[in-house]
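Below is one structure; the comments refer to it alone.
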Amino acid sequence: MGVVSRSVGNAFRNKVRSGAVVVILAVAIGLALAMLVANQAVGAKVDSLKASVGNNLTVNPAGSRGGLGGGNPLTTADATKAAAVAHVTGVNGTLTVRLANAATASTSGSAGGPADRGGAAGRFGSSGTTSLVSAVQPGVLGQRNNGTGSTGSPTGGTAGGTTQPTFTIPIQATGVSSPTTAAGTALKLTGGAQLSDFAANSTQALVGSTLAAKNSLKVGSTFTVQTRTMKVTGIFDAGDAFDNNGIYLPLAATQTLVDQAGQLSSLNVVVDSIENVAATQAALTTALGASNVDVTAGSNNLQSAITSLGTVQNISLIAFIASLVTAGLIVLLIMIMVVRERRREIGVLKAIGASNRTIGVQFTLEALVLVVLGTVVGAVVAAFSSNPIVSALVAGNTGSTVSAAGPVRGGGFGGGGFGGGGFTRTRGAFAGASQLIGTISTSVGWQTLVLGAVGILAIAAIGALIPALLTARVRPIEVLRGE
Amino acid sequence: MLQVKDVVKSFNSGDRTIKPVNGVSFSLEQGTFAAILGKSGSGKSTLLSLLGALDKATSGDVIVDDVNISTLPDRKLTAYRRDDIGFVFQSYNLIPNLSAKENVMLPMEFAGVSHGERSKRAAELLNQVELTEEMHGRLANRLSGGMQQRVAIARALANNPKLILADEPTGNLDDETGELIIALLRQLAHGKKTTILVVTHDHALAAQTDRKFRLARGQITEA
């Protein structure tokens with residue numbers, strides 16, 4: 001029997017006490033690991049935010065945000081100017097239009113003219129028609145005060161004695177020049193493939209999942225936009241019912257179909273580094289004309305989000321250290337108790353030739369056996385508790401619910417209907433910090449486990465060594481005499 | 001082999017200085033079986049702990065094979081206890097959750113002996129003290145007092161020490177087992193030339209030793 005097997009055996013001399021110690025250690029170590037996981041997950045989220053949003057600027061026609069009107073639409077010439085500004089590494093223009101259901105538009109007879117991005121609006125502010133039927137019902141709010149201030153119903157109503165036409169929510173079509181959203185992020189497909197043909201005569205389309213379900217569309221199905229038959233290449237999931245009620249089309253095809261050649265709704269501008277965002281924002285405003293465009297930076301919200309997440313990171317780091325120290329104190333106190341109980345044994349071991357080092361190693365190994373068991377159980381505890389802990393920390397410090405997954409989006413329309421004009425939702429510009437944070441996913445990787453375990457074992461070794469060496473230093477007779 | 005020169009051990013109790021060992025001097029040749037007799041509290045066990053380097057003398061010299069252990073640093077004292085001394089305690093002091101054999105193997109483990117060799121030698125030593133094979137694997141706390149004392153003697157012999165110090169080795173044993181232990185110690189002294197010093201108040205044991213000393217009020221005289 002060597003010192004290792006002797007230590008393992010000694011660790012379970014008192015099985016009830018050892019079991020209790022392992023449980024207590026598991027809670028402390030589990031909490032420490034969960035905090036370490038939380039710290040790393042939040043750190044990764046900060047990096048991700050900086051990478052995805054931090055360098056982006058959004059350019060919109062002046063005053064168009066919020067659906068309350070706006071100036072002239074952006075053009076491809078504006079995109080070219082933006083691309084020439086210093087520190088700009090990429091420009092992604094999009095055109096967002098609304099399509100009314102062809103059947104509904106023909107019966108109402110009053111589909112409005114081009115009204116995107118503000119400006120004079122028709123009743124429904126649509127730019128064209130489609131064979132698709134909206135998957136979103138306007139409900140009571142959508143029918144209320146629709147031009148006259150009276151409350152209608154989804155099937156029509158009266159206002160001041162005048163019969164109001166049935167209101168339906170138009171379908172948002174976004175023209176893109178690459179397989180990304182207006183915010184520059186890739187769409188999450190649930191089936192099919194991304195857009196690949198971006199020519200003006202392209203017939204490719206991506207359809208949101210709820211819209212596809214409403215219209216019984218699958219990959220390969222067809223529908224019409226204006227007079228062109230489009231083919232579904234993919235079904236996407238943007239995270240909520242409203243976004244999933246839209247379609248993505250090639251930019252040039254969209255411009256052709258709605259007769260808005262060369263026009264853009266917004267530009268997503270990528271800056272070379274987060275440090276140059278402010279300067280580039282000013283340069284873009286100057287280059288495109290302050291009266292023509294609004295240039296907004298996601299970094300305002302980003303800063304707020306990072307500050308909030310930084311608080312969570314600090315809390316989790318402090319909690320990790322506190323849990324680690326607690327685990328160390330538990331080991332220290334337990335080993336003080338164990339060593340005091342076994343002073344006689346230590347005296348005997350010294351009397352028969354054990355060195356202080358041998359005694360220190362034996363008691364340290366005994367403590368490590370308990371800590372290793374506590375770490376194994378604690379890792380399981382951490383695996384199950386880290387997500388709820390991160391959720392609670394993030395929600396408590398940012399007001400964000402970490403389960404609110406989905407793309408970043410701007411505000412811009414109230415609950416009182418859409419009759420006043422365009423309600424194109426500009427993405428990114430008005431996103432709040434909590435929306436920006438979105439989902440934080442945690443994972444207990446082996447690196448985290450190794451890092452946490454090394455810290456815990458180091459603390460445990462110190463906690464076991466101190467009482468063992470203090471006792472081992474005394475003369476054998478001092479511990480034997482008292483027995 | 002063993003020279004004890006004017007050894008004093010004193011400690012303070014309140015405002016008094018107590019000297020359980022006060023200027024003790026004697027010497028023993030190799031292979032001597034000797035006994036120190038004395039009443040309880042006469043300083044016998046204290047003297048034994050000084051000779052076994054379990055404690056430090058206040059003054060004086062303890063010389064074992066020309067090495068003055070009174071001046072050795074802690075690290076060398078550990079080696080002295082491990083290699084040169086075998087200590088038999090009155091209350092056995094075995095490690096309770098280890099088997100008889102594992103207890104005997106411990107000093108050899110500290111001396112760096114390989115597992116196979118120490119297992120073999122431990123079995124030999126336990127056989128030598130007449131502990132049957134089936135008892136070798138029994139936990140120490142499940143052995144009778146006589147068996148535990150035999151295991152303690154086997155453990156003291158593990159590293160072939162020059163000097164065995166035994167504190168009341170028969171104090172907790174019945175007469176029959178006590179005689180067995182005495183015979184064993186005599187055989188070790190005379191057969192293996194191991195120097196053995198026992199402290200006892202058992203005159204039957206003392207009668208069988210080669211030399212007898214009497215300790216009273218901290219001072220020693222040869223009987």
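The values are calculated or read from the model by the stated rules, or taken from the named source; none is laboratory data. Just so it is clear, the model here is predicted, and its values are computed rather than measured. Cβ atoms come from the backbone with ideal geometry, glycine included; neighbour counts cover every protein chain shown. Note: accessible area is taken over every heavy atom of the protein model, side chains too, but ligands, DNA and RNA are not part of it. Shrake-Rupley method; radii C 1.70, N 1.55, O 1.52, S 1.80 Å.
Of all the Cα-Cα pairs you can form in the stretch B:48-156, what percent are over 24 Å apart? For the stretch B:48-156, the fraction of Cα-Cα distances above 24 Å is 32 percent. Cross-link partners of B:Lys101 among aspartates and glutamates, defined as those whose alpha carbon lies under 15 angstrom from its own and excluding same-chain residues fewer than eight positions apart: B:Glu109, B:Glu117, B:Glu124, B:Glu130, B:Glu133, B:Glu134. For helix B:115-128, what angle does its Cα long axis make with the longest principal axis of chain B, in degrees from 0 to 90 and rounded to 10? For helix B:115-128, the angle is close to 80 degrees. Solvent exposure of A:Glu341, expressed as accessible area, is near 110 Å², computed with a probe of 1.4 Å over the protein chains only.
Tell me, what is the FRET efficiency for A:Leu333 and B:Arg142 to the nearest 0.05, using R0 = 45 angstrom and their Cβ-Cβ distance as r? Here the calculated transfer efficiency is 0.90.
Please go through the stretch B:1-81 and write out the chymotrypsin sites (Phe, Trp or Tyr not before Pro) that DSSP classes as loop and that have at most 14 other C-beta atoms within 10 Å. In loop regions of the stretch B:1-81 (DSSP not H, G, I, E or B), there are no sparsely surrounded chymotrypsin sites (Phe, Trp or Tyr not before Pro).
Inter-label distance, A:Ala213 to B:Ser59: 9.9 nm, where each label sits 7 Å from its Cα along the C-beta direction. Its convex hull of Cα atoms gives the stretch A:305-399 a direction-averaged projected area, equal to a quarter of the hull surface, of 7.7 nm².
The simple spin-label model puts a point 7 Å past each Cα toward its Cβ; for A:Thr286 and A:Arg357 those points are separated by 7.1 nm.
For chain B, the longest principal axis of the C-alpha atoms and the axis of helix B:100-110 are separated by about 60°. For the stretch A:336-356, a decrease in accessible area of 10 Å² or greater in the assembled protein chains relative to the isolated chain, with a 1.4 Å probe, applies to A:Arg344, A:Glu345, A:Val348, A:Leu349, A:Lys350, A:Ala351, A:Ile352, A:Gly353, A:Ala354, A:Ser355, A:Asn356. Note on the stretch A:321-364: Kirkwood radius taken over Cα pairs, Stokes-Einstein applied at 10 °C and 1.306 mPa s, translational D equal to 138 µm² s⁻¹.
With the convex hull of its Cα atoms as the shape, the stretch A:205-276 has an orientation-averaged projected area of 6.6 nm². Straight-line reach from A:Lys218: taking Cα to Cα under 23 Å and skipping same-chain neighbours fewer than 8 places apart, the lysines in range are A:Lys188, A:Lys231. Shown is the FRET efficiency for A:Ser273 and B:Lys76, computed with R0 = 60 Å from the Cβ-Cβ distance and rounded to the nearest 0.05: 0.35.
Relative contact order of the stretch B:71-179, taken over Cα pairs closer than 8 Å and 6 or more residues apart, is 42 percent.
When both the stretch B:114-159 and the stretch B:41-87 are represented by their alpha-carbon centers, they are found 25 Å apart.
Solvent-accessible surface (1.4 Å probe) assigned to B:Lys212 amounts to roughly 60 Å².
So what does the Cα-only Debye profile of chain B read at q = 0.12, 0.18 Å⁻¹, as log10 I(q)/I(0), no solvent term? Log10 of I(q)/I(0), two decimals: -0.63, -1.33. Solvent-accessible area per residue in chain B equals 43 Å², computed with a 1.4 angstrom probe and all protein chains kept. The contact residues of the stretch B:80-94, meaning those that lose at least 10 Å² of 1.4 Å-probe accessible area when all protein chains sit together rather than their chain alone, are B:Arg81, B:Arg82, B:Phe87, B:Phe89, B:Ser91, B:Asn93. Surface burial for A against B, with a 1.4 Å probe and both sides summed, reaches about 2100 Å² of accessible area. Computed from the mean reciprocal separation of all distinct C-alpha pairs, what Kirkwood hydrodynamic radius does the stretch A:238-380 have, in Å? That comes to 22.9 Å for the stretch A:238-380. Heavy-atom accessible area, probed at 1.4 angstrom with all protein chains present, ranks A:Arg357, B:Arg16 as A:Arg357, B:Arg16, highest first. Size of the stretch B:1-90 from its Cα atoms: along the principal axes, largest to smallest, the extents are 39, 29, 25 Å.
Normalised by the number of residues in chain B, the average gap of Cα pairs under 8 Å and 6 or more apart makes the relative contact order 31 percent.
By the helix-only formula, in which each DSSP H run with n ≥ 4 contributes -39500 (n - 2.57) and the sum is divided by residues, chain B has a 222 nm mean residue ellipticity of -11000 deg cm²/dmol.
Expressed as a whole percent, the accessible area of the stretch B:43-137 that falls on carbon and sulfur atoms is 46 (1.4 Å probe). Partner aspartates and glutamates whose Cα lies under 16 Å from the Cα of A:Lys81, excluding those fewer than 8 positions away in the same chain, are identified as A:Asp294. Rounded to 0.05, the FRET efficiency of the B:Thr132 and A:Ile462 pair, given R0 = 51 Å and the Cβ-Cβ distance, is 0.65. Annotation: average projected area of the stretch A:287-359 is 8.7 square nanometres, based on the convex hull of Cα atoms across all directions.
Take the Cα of A:Thr307, step 7 Å toward its Cβ, do the same at A:Val380, and the gap between the two points is 4.3 nm. Pairs with C-alpha atoms separated by more than 24 Å, drawn from the list B:Lys76/B:Lys212; B:Lys120/B:Lys162; A:Lys350/B:Lys162; B:Lys19/B:Lys56, are B:Lys76/B:Lys212.
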